[in-house]
1. Within segment 1-53, how many residues turn out to be touching an Asp or Glu at 6+ places or on another chain (Cβ under 6 Å) and part of a helix (DSSP H, G or I)?
2. Can you tell me which residue is nearest to Asp110 (Cα to Cα) among those in segment 141-164 that are charged (D, E, K, R) and away from the ligand (no atom under 16 Å from the Cβ)?
3. Please determine, by comparing only the residues of segment 270-292 that are hydroxyl-bearing (Ser, Thr, Tyr) and touching a strand residue (DSSP E or B) at 6+ places or on another chain (Cβ under 8 Å), which one is nearest to Asn103 (Cα to Cα).
4. If you go through segment 131-164, how many residues are of a type in the set (Gly, Ala, Ser) and in contact with a Leu (Cβ under 9 Å, 6 or more places away or on another chain)?
5. Give me the residue from segment 207-228 that is surrounded by 24 or more Cβ atoms within 10 Å (Cβ to Cβ) and of a type in the set (Gly, Ala, Ser) and, out of that set, farthest from Leu319 (Cα to Cα).
6. Of the conditions (1) surrounded by 21 or more Cβ atoms within 10 Å (Cβ to Cβ); (2) closer than 29 Å to Ile242 by Cβ; (3) out of contact with any helix residue (DSSP H, G or I) (no Cβ under 8 Å at 6 or more places or on another chain), Val33 clears all except one; give me its number.
7. Examine segment 1-21 for a residue that is more than 23 Å from Lys335 (Cα to Cα), within 16 Å of the ligand (Cβ to nearest atom), without any contact (Cβ under 8 Å) to a residue 12 or more places away in the chain and out of contact with any helix residue (DSSP H, G or I) (no Cβ under 9 Å at 6 or more places or on another chain), and state whether such a residue exists.
8. Exactly one condition in (1) within 15 Å of the ligand (Cβ to nearest atom); (2) in a loop (DSSP other than H, G, I, E, B); (3) exposed (fewer than 15 other Cβ atoms within 10 Å of the Cβ) is not met by Ser176; state its number.
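The values are calculated or read from the model by the stated rules, or taken from the named source; none is laboratory data. Being a predicted model, the structure only gives us computed values, none of them experimental. Here the Cβ is made from the backbone with ideal geometry for all residues, glycine too, and neighbour counts use every protein chain on show.
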Amino acid sequence: METTKQMKALDERFYMPAFSREIAIVKGEGSKVWDADGKEYIDCVAGIAVCSTGHCHPDVVKAICDQARQLIHCSNLYYVPHQGDLAKKIVEVTGLHKAFFSNSGAEATDGALKLARVRTGKKKFVAFTHGFHGRTIGSLAVTHKPGIREPFEPLGLPVTFVDYGDLEGVKKAVDSDTAGIIVEPIQGEAGVIIPPDSFFKGIREICDKTGALMIVDEVQTGMGRTGKWMAIQHTKVSPDIITMAKGIASGFPMGALAAREGLEFKKSEHGSTFAGGPLACAAGVATLNVIEKILPEVAVKGERFRKGLAKFNPRVRGLMIGISVGDRCPEIQKKCAEQGVLVNCAADGNLRLVPPLVITDAEIDRVVKVLNGALG
Ligand code: PLP
């Protein structure tokens, strides 16, 4: 096995330097990971809200291995093993009508934008300040952060950005040519920003009046992360399209969108070589079955974090936790890693914790202790 030093040397010489990183993670089990030098960590990053069932959950490993022995790939020219099962499950957990798979969150965003355009016949989109929807050209066009969007302009989609939470701004931005309003129920990359339920009710009303589609991006917040299958379910608002990815297959690359009745791709309107392949769908079905069992515990675990971190005013929804710490974020992240806890800095000095949904009470207590030390 390579050491961290060896991995770093290869990375520096051969890999494009798009990331800043120090630690090499080589093994995981439950909420724990180990680096290439054998150091153990409690992982409150979880591949950024991806390893929902923990690292290498035995049910997920078995589903992937069993499927790999049968068939790794066949193409969407044929019916694909587990694809129908997973689509059924996604329809059930979203309350929508049909699903379609992608390989990532960004591709799910692109699919949702395409679906909105093709079914409404309209062109424009409304998105929100500090929102993040991916890095493909399409998904980047609705992603706000100027630093990651502007170097790649023009991006070819007419998008109006409105302040997150500003319903009056949405009203002004939407017109008769608006195909969709894309919104995160909680902004994750921005640092776990939770708007009031009335914001989503207002967007729904504006969509109903104008015929624009309400697209809710649950890539980070979905699949049980906030204590409900979808974070928008806390608000009782029913969107037209929901996108998801990250936690859907425990780390096997996969994304999906689901849409209400009447909104579907017709023949040849969309597709992908790899999306919804047998391994991804096997991992997805196993993941959703595990999440179904542990979902009621997620909110309880979130409250344990809230209580333990109360003096730092955390923003908590299930196991999605943000704490404003300002400039000290990188230093706190480093201190926690030294003490064996992985946390991550989202935008604007916000520390973000998105641990596996299987994190134990003892692990939460350890994280809380380390964070209290680092933050205090
Ligand atoms: N949408 C949201 C809300 C996200 O948080 C992300 C990634 O962080 C994406 C979309 C893009 O997903 P991916 O990185 O899988 O393309």
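1. Here the count works out to 1.
2. Among those residues, the one meeting the criterion is Glu153.
3. Within segment 270-292, the first condition is being hydroxyl-bearing (Ser, Thr, Tyr), and the residues that meet it are 272-273, 287.
This time we only want the ones that are touching a strand residue (DSSP E or B) at 6+ places or on another chain (Cβ under 8 Å), so: 272, 287.
Values: Ser272: 8, Thr287: 16 Å.
Ranking the qualifying residues of segment 270-292, first place goes to Ser272.
4. Taking segment 131-164 and keeping what is of a type in the set (Gly, Ala, Ser), we get 131, 134, 138-139, 141, 147, 156.
Next, only the ones that are in contact with a Leu (Cβ under 9 Å, 6 or more places away or on another chain) stay: 134, 138-139, 141.
Adding up the residues that qualify gives 4.
5. Filtering segment 207-228 for residues that are surrounded by 24 or more Cβ atoms within 10 Å (Cβ to Cβ) and of a type in the set (Gly, Ala, Ser), the one farthest from Leu319 (Cα to Cα) comes out as Ala212.
6. All conditions pass for Val33, except number (2).
7. In the first step, residues of segment 1-21 are kept if they are more than 23 Å from Lys335 (Cα to Cα); the result is 1-2, 6, 9-18.
Now narrow it down to the ones that are within 16 Å of the ligand (Cβ to nearest atom): 18.
With without any contact (Cβ under 8 Å) to a residue 12 or more places away in the chain added as a condition, the list becomes 18.
Checking the rest, the ones that are also out of contact with any helix residue (DSSP H, G or I) (no Cβ under 9 Å at 6 or more places or on another chain) come to 18.
Within segment 1-21 (the criterion being more than 23 Å from Lys335 (Cα to Cα), within 16 Å of the ligand (Cβ to nearest atom), without any contact (Cβ under 8 Å) to a residue 12 or more places away in the chain and out of contact with any helix residue (DSSP H, G or I) (no Cβ under 9 Å at 6 or more places or on another chain)), the answer is yes, since at least one residue qualifies.
8. (1)
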